[in-house]
1. Please work out if ASN197 is within 27 Å of PHE374 (Cα to Cα) and in contact with a Gly (Cβ under 9 Å, 6 or more places away or on another chain).
2. Can you tell me how many residues within the stretch 279-288 are touching a strand residue (DSSP E or B) at 6+ places or on another chain (Cβ under 7 Å) and either surrounded by fewer than 21 Cβ atoms within 10 Å (Cβ to Cβ) or not polar (S, T, N, Q) (or both)?
3. Which of the residues spanning the stretch 36-77 are farther than 25 Å from PHE222 by Cβ, within 24 Å of the chain's Cα centre (by Cα), part of a loop (DSSP other than H, G, I, E, B) and among the charged types (D, E, K, R)?
4. Could you check the stretch 104-221 for helices (runs of 4 or more DSSP H) lying wholly inside it with 2 or more residues that are among the hydroxyl-bearing types (Ser, Thr, Tyr) and at pLDDT 95 or above?
5. Among the residues in the stretch 162-172, are any over 26 Å from THR287 (Cα atoms), touching a strand residue (DSSP E or B) at 6+ places or on another chain (Cβ under 8 Å) and not small (Gly, Ala, Ser)?
6. What is the number of the single condition among (1) surrounded by fewer than 16 Cβ atoms within 10 Å (Cβ to Cβ); (2) in contact with a Pro (Cβ under 7 Å, 6 or more places away or on another chain) that ASP72 does not meet?
7. Tell me the helices (runs of 4 or more DSSP H) entirely within the stretch 284-383 that contain at least 1 residues that are within 24 Å of ARG220 (Cβ to Cβ).
Amino acid sequence: MLKFISIKNIFKVVASIAIITMAIYIALDIVEKKRDIMSFEDYEPISTLNVEGKQVYSAKFPFIDVHSHQWDMPLKDLGKLVKEMDELNMGYLINLSGSGFGPQSAKDLYFNQSMKNIKENQPERFGLFVNVDFESIDDENYGETQANIIRDAVAKGAIGLKVYKSLGLRNKDSNGNRIAVDDPRLDPVWDVCGKLNIPVLIHSADPFQFWLEKDSKNERWFELKEKPNRYYAESSFIPSFQTIIQEQHNVFKKHKNTTFINAHLGWMANDLGKLGKHLDEYPNVMTEFGAVIAELGRQPKTGRQFFIDYQDRILFGKDLYKKEEYYTYFRVLESDDEYFSYFRKRHAFWKMYGLNLPDSVLKKIYYENALKLFPKISKDLFR
């Protein structure tokens, strides 16, 4: 029977078997690879590096957190929160979101109830910032109205004004136009804070990477993947990062008698030389490192020197309150530990290193600078 099978047919059969075998092999290989592939979010290898170091659960010195948000302050159990603060060695917490959100009547109610809760339960441990409305900017006598709101809040106990990033990014006037950070109609707001001797903690823009190409070269790609609404490059309404930041700096320059706290190291934590020049140029500006400690933790030598050089201009800020996340802040500031993890991968996929700051600098960052800025805070908490 074999004599009826031509050489040509034999080759066809062999070739077919080879093709089928190869296809099966490739299919199995693809399946196997898919089984082995994991997302970047899931990849959490356990380091085999054996170096000294340990978690820091309590600050070396009592500290003042100038950048916190307690969204339920009117009804919050402050006793429970103080217990956590004591465990962290936090002497004083400033709630920046003192007025909540909504129409002015709602803001007033929220602020009054928050202040009532503080005064009746923990008057020595909490401070409140007031928030004002920007989208009513076209109202008659807008500037004086907002200035009066600030005066009234300070009379009731407010110790500062917090400005959210929505100013410059999303706030609109009655015609639907973006309200610039340096809009002259806001001058009465900045001026009254200077006259009342209260600081303005201002968050303008967001990390500049949110305006870059959303590709494999962008350090914030993972964050933009998780939070796509933070990508601004394709917006027809939101201007460039540089535009918003320049507007903010214009305000600093124009209102020299008002003290500003440039939140999040002014989005210059990745370039501390630039931040140093910024602080040199604007002597009425302080800064804090809420939500950007990861940038400091990857440049321990440069970061340490910056903190020493500008020790009188830096405040402790955390931003969103979560007890366990403070540990990383303490470890970066106090220790000389190597290669430890940050707590949120979308902010930092790299490892941290301690700055090992001198005690004299730590005391200024933790509480001394803030006590000068907020004279209402009892010094007895920090002896």
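1. Values: within 27 Å of PHE374 (Cα to Cα): yes; in contact with a Gly (Cβ under 9 Å, 6 or more places away or on another chain): no.
Against the criterion (within 27 Å of PHE374 (Cα to Cα) and in contact with a Gly (Cβ under 9 Å, 6 or more places away or on another chain)), ASN197 does not qualify.
2. Initially, the stretch 279-288 is screened for residues touching a strand residue (DSSP E or B) at 6+ places or on another chain (Cβ under 7 Å), giving 279, 284-288.
Filter once more, keeping what is either surrounded by fewer than 21 Cβ atoms within 10 Å (Cβ to Cβ) or not polar (S, T, N, Q) (or both): 279, 284-286, 288.
Residues that pass the stated criteria total 5.
3. Taking the stretch 36-77 first, the residues farther than 25 Å from PHE222 by Cβ are 50-54, 56-66, 68, 70-77.
With within 24 Å of the chain's Cα centre (by Cα) added as a condition, the list becomes 56-66, 68, 70-74, 76.
If we keep only those that are part of a loop (DSSP other than H, G, I, E, B) too, we end up with 56-62, 70-74, 76.
Passing the criteria: LYS60, ASP72, LYS76.
4. Working: elements: 104-121, 142-156, 166-169, 187-196.
Helices (runs of 4 or more DSSP H) meeting the threshold: 104-121, 142-156.
5. From the stretch 162-172, those over 26 Å from THR287 (Cα atoms) are 172; that's our starting set.
Those still in the list that are touching a strand residue (DSSP E or B) at 6+ places or on another chain (Cβ under 8 Å) too: 172.
Checking the rest, the ones that are also not small (Gly, Ala, Ser) come to 172.
Yes, the conditions are met somewhere in the stretch 162-172.
6. So ASP72 meets the others, but not (2).
7. Numbers: elements: 293-297, 300-309, 326-334, 359-363, 369-373.
Output list reads 293-297, 300-309, 326-334.
Here's the yes/no breakdown for (1) of a type in the set (D, E, K, R); (2) free of Cβ contacts under 8 Å to residues at least 12 places away in the same chain; (3) farther than 18 Å from VAL361 by Cα:
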{"site": "ASN262", "(1), (2), (3)": "no, no, yes"}
{"site": "LEU265", "(1), (2), (3)": "no, no, no"}
{"site": "VAL285", "(1), (2), (3)": "no, no, yes"}
{"site": "ALA291", "(1), (2), (3)": "no, no, yes"}
{"site": "GLU295", "(1), (2), (3)": "yes, no, yes"}
{"site": "THR302", "(1), (2), (3)": "no, no, no"}
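The values are calculated or read from the model by the stated rules, or taken from the named source; none is laboratory data. No experiment lies behind these values; they were computed from the predicted model shown. Heads up, the Cβs are rebuilt from the backbone with ideal geometry, glycines too, and the neighbour counts pull from every protein chain shown.
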